[in-house]
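Here the structure comes first, spelled out in structure tokens, and everything after it is commentary.
The values are calculated or read from the model by the stated rules, or taken from the named source; none is laboratory data. Model, not experiment: these values are computed from the prediction. Using ideal geometry, Cβ is built from the backbone for each residue, glycine included, and neighbour counts are taken over all protein chains shown.
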Amino acid sequence: MLLHTAFLLVLCLFFVPDSTGQLLEGLYCGRENCYDVLNVTRDATKSEISKSYRQLARRYHPDLHRSAEAKEQAAEKFKIIANAYEILKDDESRNDYDYMLDNPDEYYSHYYRYYRRRVAPKVDVRIVIVVTITIISAVQYFSGWQRYNTAIRYFATVPKYRNRAMEIAKEEGLLPESNGRPKGKHAKLSKDEIDEILRKVIVEKMDIKGAYARPTVFDLLWVQLVVLPYTVTKYLYWYMSWFVRHTLLDRPYEDEEKLYLIRRYMKMSQAQFDAQEPEKIDEFMQRKLWIRENFEEWSKEEEENTKKQLAASNRYKQYRRYLKNHGVGRVTFDDS
């Protein structure tokens with residue numbers, strides 16, 4: 001877009017405007033008035049312009065003349081008539097032309113308007129929207145699988161999940177039962193092959209949630225747009241149901257509703273909350289964090305624990321000693 005604008009500005013510099021009249025050479029109908037070319041006034045309607053054009057086209061069409069000279073003259077005249085019609089039949093182009101007639105001194109503005117419309121590619125907005133949504137959906141699809149595969153490789157290195165995957169692999173006969181040297185069909189398994197087996201077990205048995213969950217078609221923008229009416233209707237129903245049950249009737253919260261309140265208090269997205277360990281979710285429920293007072297008390301405890309962990313950290317102690325000896329770093333400017 002910037003390159004396109006720069007090109008138009010440079011193009012305008014090559015034209016030296018003539019201030020002797022209001023019609024500029026090289027723009028629209030040149031030194032002729034487009035309305036005069038079509039024998040109409042500036043107040044003419046589209047139908048009147050079209051009618052006049054058809055009459056002039058029948059009169060000056062090259063095929064209606066016999067001699068070569070007459071054909072050449074008619075072709076030149078027909079070209080001028082057709083150009084005038086193309087300018088005046090389009091509302092935006094006609095508005096630009098009228099603006100030039102009313103403001104003849106704005107030379108470079110007229111050149112820019114004219115060549116912007118001529119140089120700019122005419123692309124259907126609907127095609128641009130479809131292509132954009134398709135590209136976004138494709139990026140979502142591939143990035144989703146990339147995140148998922150990264151999570152699988154990570155869990156395969158965590159002892160807790162790796163050991164569990166190892167147990168399942170042994171139970172299903174994918175790996176030998178003994179802790180000693182593999183025998184039989186497992187004797188030739190390399191470390192990479194064992195890692196691949198463990199990753200397959202994790203894929204089949206582990207339910208990864210959150211931002212690194214297994215991608216589905218419902219994560220794609222195209223599908224989300226298609227089901228948007230259903231999504232909006234579902235949300236409105238949920239909101240009204242919540243208002244009736246808990247605001248008007250003051251009914252107790254169900255487990256899913258309690259988790260929703262906890263997530264809202266923590267200011268987490270659904271993906272972030274789903275990534276929490278099951279033990280952590282159980283702790284939230286046991287502490288009754290859906291009650292605002294309990295959540296604030298728990299939040300203060302978490303903040304204190306974080307401070308204690310930082311105080312016990314060697315790197316944090318080094319940082320505190322540095323501040324004590326050197327003070328807080330400052331950025332100054334030399335005015336000399």
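Brief remarks follow.
- Among the residues of region 33-55, the ones that are in a loop (DSSP other than H, G, I, E, B), over 13 Å from N83 (Cα atoms) and not hydroxyl-bearing (S, T, Y) come to 5 in all.
- Hits in region 159-169 - residues which are surrounded by 12 or more Cβ atoms within 10 Å (Cβ to Cβ) and within 17 Å of A275 (Cα to Cα): Y161
Yes or no, residue by residue, for (1) under 30 Å from V130 (Cβ atoms); (2) at pLDDT below 90; (3) hydrophobic (A, V, I, L, M, F, W, C):
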site	(1), (2), (3)
K209	no, yes, no
W238	no, no, yes
V244	no, no, yes
R251	no, no, no
M285	no, no, yes
E303	no, yes, no
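- Each residue in region 215-225 was checked for being surrounded by fewer than 13 Cβ atoms within 10 Å (Cβ to Cβ) and modelled with pLDDT of 90 or more, and 1 of them qualify.
- Looking only at residues of region 213-249 that are assigned to a helix (DSSP H, G or I) and basic (K, R), we find that the one that is nearest to A138 (Cα to Cα) is K234.
- Flag if D96 is under 14 Å from L27 (Cβ atoms) and either hydroxyl-bearing (S, T, Y) or part of a helix (DSSP H, G or I) (or both): yes
- Screening R116, R126 for residues that are surrounded by fewer than 13 Cβ atoms within 10 Å (Cβ to Cβ), of a type in the set (D, E, K, R) and assigned to a helix (DSSP H, G or I) leaves exactly one candidate, R126.
- Lone qualifier among Y141, Y108 - being among the aromatic types (F, W, Y), under 20 Å from the mean Cα position of the chain (by Cα) and surrounded by 11 or more Cβ atoms within 10 Å (Cβ to Cβ): Y141
Conditions tested, residue by residue: (1) surrounded by 13 or more Cβ atoms within 10 Å (Cβ to Cβ); (2) aromatic (F, W, Y); (3) in the same structural domain as Y99 (by TED's automatic domain parsing); (4) at pLDDT below 90.
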{"site": "L38", "(1), (2), (3), (4)": "yes, no, yes, no"}
{"site": "D43", "(1), (2), (3), (4)": "no, no, yes, no"}
{"site": "S50", "(1), (2), (3), (4)": "yes, no, yes, no"}
{"site": "R59", "(1), (2), (3), (4)": "no, no, yes, yes"}
{"site": "A68", "(1), (2), (3), (4)": "no, no, yes, yes"}
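- In region 250-306, the qualifying residues are those that are among the aliphatic types (A, V, I, L, M), free of Cβ contacts under 8 Å to residues at least 40 places away in the same chain and assigned to a helix (DSSP H, G or I), and the one that is surrounded by the most Cβ atoms within 10 Å (Cβ to Cβ) is I262.
- Every condition in (1) among the hydrophobic types (A, V, I, L, M, F, W, C); (2) crowded, with 16+ Cβ neighbours inside 10 Å; (3) in the same structural domain as D207 (by TED's automatic domain parsing) is met by I135 except one, and the failing one is (2).
- I80 vs. criteria under 42 Å from the mean Cα position of the chain (by Cα), of a type in the set (V, I, T) and part of a helix (DSSP H, G or I): no
- Residue that is farthest from A82 (Cα to Cα), among those in region 56-71 that are in contact with a helix residue (DSSP H, G or I) (Cβ under 9 Å, 6 or more places away or on another chain) and of a type in the set (G, A, S): A70
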